[in-house]
1. Suppose a student asked you for the relative contact order of the chain, using Cα pairs under 8 Å spaced at least 6 residues apart; what percent would you report?
2. Output ³J(HN,Hα) for region 239-252: one whole-Hz value per residue in order, computed from phi by the Karplus curve 6.51 cos²θ - 1.76 cosθ + 1.60 with θ = phi - 60°, and x for Gly and Pro.
3. If we count every other residue with Cβ under 11 angstrom of ASN358's Cβ, Lys/Arg +1 and Asp/Glu -1, where does the sum land?
4. Quick one: give the max-minus-min coordinate of the C-alpha atoms of region 103-174 along each principal axis, largest first, in Å.
5. So who's got an amide H within less than 5 Å of the one on LYS441, skipping anything under 5 residues away but keeping other chains? H placed 1.01 Å off N, in plane.
6. Where the centre of each part is set by its Cα atoms, how far does region 217-239 sit from region 448-485, in angstrom?
7. Which percent of Cα pairs goes in each bin when the distances of region 297-423 are cut into 10 angstrom slices starting at zero?
8. Holding the Cα-Cα limit at 22 Å, pick out from LYS254/LYS345; LYS121/LYS199; LYS93/LYS160; LYS35/LYS441 the pairs that are longer than that.
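Since every read-out is calculated from the coordinates, none of them should be taken as a lab result. Just so it is clear, the structure is predicted and the values come from calculations on it, not from any experiment. Virtual Cβ from ideal backbone geometry, glycine too; neighbours counted across all protein chains shown.
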Amino acid sequence: MSVLMAKSIAILSCLFGAAKAYGEQRWILHKDYLKYKAAPQYCASLREGKITNGADIILWHCAKGDEFQFKVNGNYIQLKADPSYCLSVREGKAGDGSDIILWKCDDTAPFQFEIDGEVIKYRADHRYVVSVRQNNPMDGADLILWSMGGADDKWVVDGKHIKPQHEANKCLSVRGAVGDGSDIVVIPCAPGAASGRWKVENGLIKYDADPKYCLSVRQGRFQDGTDVILWSCDTSAEFQWEVKDNFIRPMSSKDYCLNVRHGSGANSEGWARIWSCEAVEPLGLPVTSDQKQQALADEYLWAIDGDRIRSTLDRKYCLSIREGQITDGADIIMWHCGDNSPEQKWIVKDGFIKHKNNPGYCIQVRQGKKGDGADCILWTCGNRDSARWDVEGNSIRYRADPSYFMTVRQGRLQDGSDVILWSGYINPFQFILDGSLIKSKADPSKCVSVRQGKIGNGADIILWSCSTSDEYHWTFQGDHIALDVDNHEHCLSVREGKYQDGADIILWECGDDHTYRFVIDGERIRLKANKNYCLSVREGRIGDGSDIILWACDETYTDFDDEL
């Protein structure tokens, strides 16, 4: 990232503050480009560059062109080339998944947004912000609205009403009949209605109309997603609350906050629950094979922090033991990190991950059966391979089969999520130049070759077990990569010159246009015309016959920000 860009981000943050949001909901406005912060080589753009009503707003590799340039004008995001067109919400229907489109500007709600730091909020309903469908940055990914992360745990006590800070027209209320177990919801405030009136007194939040009932946590279970309900008042921990600085926290577990799980629609009921304060709540969206293979998923990454093992997806969560039971077969799970939580303390040494207070127990794989989804458990340490791990950077690899890594089931990071094995990330972007051979770094026995050795225009470029045959040998002639036969007549090229994720790399008679030009950048082979595209392996599947394709590089080219 350039110094100029870093300064612009800091200035935006100072001007607009910092709203809490998921990583996939953050944007950077830089020189009229709306860049996706999680992968800043991608920018908001128009599908096929069509300036017309209803044109989809998508992600695409940033480039110089009218379809990439927007300007913020008050609450409107206008197309710079034709300011009569604005970003809008399709049919004005706000909700999770609503499409962002281009339309002739007018002064109605679907066209109005607010820039809040790095977040683009839908002005008519601040619960929703501009996001990327399935959190999957790639050419053509739709821009949509989605519920904003971290916005639902701040409250305002307004007399006898308790209101979400960002929805002053709604109140915390009792749903239906009043009694033990009644649901607590967030609904539009009704003047004079008893169901929405409370009294905060001595750590209790009493129901004003019948103060023998108080807010409580269902079954006293302090974990992400537990319902907040009404129950006969008591002095036990689940009834005690701290109301301070716009947060309402259980007195005994202040890492949790009163939170809202929304229904669909601006006026729908929200359900009160507790959730880790301002933590990144997972969306639970599917992760495609391309996304899993082409970008290292955060749920595979860990940070060894003293005697804690934290998830880098959200460092508030640590490796833990279900219910703190130190016994053979106890599940290894994620839980909110706590200061006094011995079940979260580990010793990482000599290939073992041992429980600190009971070092006779280690993290192992259930029955030693490796495979996607295999449970990680606690078991008496031994010399078995099933008990050994290798910490490599931020990854924890299973020594018995290094193709498996420790991860979180379905990437759903919350209290109680299972820790499991899953096929680890193999970087498909890295290649080794070994004489005239181009080898996959992930498996150096595989080399870049020509399908079936058929040398000619349009021949597919693939991986295959390395050999001395002609189709495996390449020479670098300036910015061309030529096959080392037939007087170097054939070069690597991009099929039809389409610079986009998934474009095939093929063989073609060498030419002078940009489709033939590449740059060697360490272990990556970048397209010279747009250095944020790299040679890669389709779906990251390193094996005989795997296609060599173009894809968004896993590392942004360092000079990119200064090129726009």
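1. Relative contact order for the chain comes out at 9 percent.
2. 9, 9, 10, 10, 9, 7, 6, 6, 10, 10, 10, x, 4, 8
3. Around ASN358, the surrounding residues sum to +2.
4. Principal-axis extents of the Cα atoms in region 103-174, largest first: 50, 30, 25 Å.
5. The list, which skips near neighbours in sequence, is GLN430, PHE431, ILE432.
6. If we compute the Cα centre of each part, the gap is 66 Å.
7. Whole-percent P(r) values from 0 Å outward: 15, 53, 31, 1.
8. LYS121/LYS199; LYS93/LYS160; LYS35/LYS441
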